Amino acid sequence: MEKAFKWFSRLAEAIAGGLLAAIFLTFLLQIALRYLFTPAGWTLELIGILWVWVIFFSCAFVVREQDQVKFDIIYLSVSRPVRRIFALISAVALVVGMLYTLLPTLDYIDWMKIRKTATVRNPFTGNKIPLRDVFSIYGVFIVAIAVRYAWQFVDTLRNGPPKTELELAVEALHEAEAAENSEEDANK
């Protein structure tokens, strides 16, 4: 299971990196077209579409929990049992909030099929792209976040609240010291 998770994580990172590379290359193309040839408006729209996908795809599948920006002054000032309660409440709130907005969001995304991109066209058919396809990643984002925090709720029930950055740093320091001591013992 862990091997499959690592494989999926690497694939998600590769996709996000590919999207960022596509943004960069489109940006370079935009500069070249502007100064060397005729400006093309589709490059701006494509960069916007790719940016939407990078943000929601990365937040759903690449950005780890410890990488999220948090305002945790109160959380860090309370005892571990209270942190557990806080973590459970916040996980439930996020799952409920995401699931509550899922159906209306999917309905709106589906409605967006009647609107199309202004200049970007499907390279295979030549048709303008429905905005439903552009914003469909947000539906995936909602489901992924709901699943992530449902799992975090279960994990918090089993193992207690997630460790803080300070606890992780101290733990890493102790592991490094233990490894150093065992190495010294082996050399004696």
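The values are calculated or read from the model by the stated rules, or taken from the named source; none is laboratory data. The shown structure was predicted, so the numbers you read here are calculated from the model rather than taken from an experiment. Methodologically, a virtual Cβ is constructed for each residue, glycine included, from the backbone with ideal geometry; neighbour enumeration extends over all protein chains shown. Side chains are part of the model used for accessible areas, which takes the heavy atoms of the whole protein and leaves out ligands, DNA and RNA. Shrake-Rupley method; radii C 1.70, N 1.55, O 1.52, S 1.80 Å.
General observations
- Modelled spin labels at Leu173 and Ala93, positioned 7 Å past Cα toward Cβ, are 3.1 nm from each other.
- Taking a Cβ cut-off of under 15 Å around Phe153, the surrounding Lys, Arg, Asp and Glu residues balance to a net charge of +2, with basic ones at +1 and acidic ones at -1.
- Segment Arg158-Phe124, length gained on full extension (0.36 nm per residue, minus Cα span): 7.3 nm
- Calculated Rg and Dmax of the chain using C-alpha coordinates, Å: 22.7, 75
- Per-residue ³J(HN,Hα) for region 121-132, Karplus 6.51 cos²θ - 1.76 cosθ + 1.60, θ = phi - 60°, Hz, x for Gly and Pro: 10, 5, x, 8, 9, x, 7, 5, 7, x, 5, 4
- Phi to ³J(HN,Hα) by Karplus 6.51 cos²θ - 1.76 cosθ + 1.60 over region 23-38, Hz, x for Gly, Pro: 4, 4, 5, 5, 5, 5, 4, 4, 5, 4, 5, 5, 9, 10, 10, 9
- Segment Leu106-Lys3, length gained on full extension (0.36 nm per residue, minus Cα span): 33.9 nm
- For Val147, the solvent-accessible surface with a 1.4 Å probe is about 90 Å², rounded to the nearest 10.
- Accessible area per residue for region 1-96, computed on protein heavy atoms with a 1.4 Å probe, is 72 Å².
- Cβ-based net charge around Lys113, under 13 Å, with every Lys or Arg adding one and every Asp or Glu removing one: +1
- Lys, Arg +1 and Asp, Glu -1 on Cβ, resulting dipole of the chain about Cα centre, debye, nearest 20: 1180 debye
- Part-to-part distance (alpha-carbon centres) for region 50-77 and region 140-188, which is given in Å: 17 Å
- Efficiency of FRET between Leu11 and Ser79 - r from beta-carbon atoms, R0 30 angstrom, step 0.05: 0.15
- Helix 165-187 vs. the chain, principal-axis angle (Cα, 0 to 90°, nearest 10): 60 degrees
- Restriction of the chymotrypsin sites (Phe, Trp or Tyr not before Pro) in region 1-101 to DSSP coil positions whose beta-carbon has at most 15 other beta-carbons within 10 angstrom yields Phe37, Phe71.
- Tilt relative to the chain, helix 42-61 - C-alpha long axis, 0 to 90 degrees, to 10: 20 degrees
- Amide H contacts under 5 Å for Thr117, placed H, 5+ residues apart: Ile129, Leu131
- Apolar share of the accessible surface for the chain: 68 percent from carbon plus sulfur atoms, 1.4 Å probe.
- Among the listed pairs Lys6/Lys116; Lys70/Lys113; Lys3/Lys163, those beyond 30 Å (Cα-Cα): Lys6/Lys116; Lys70/Lys113
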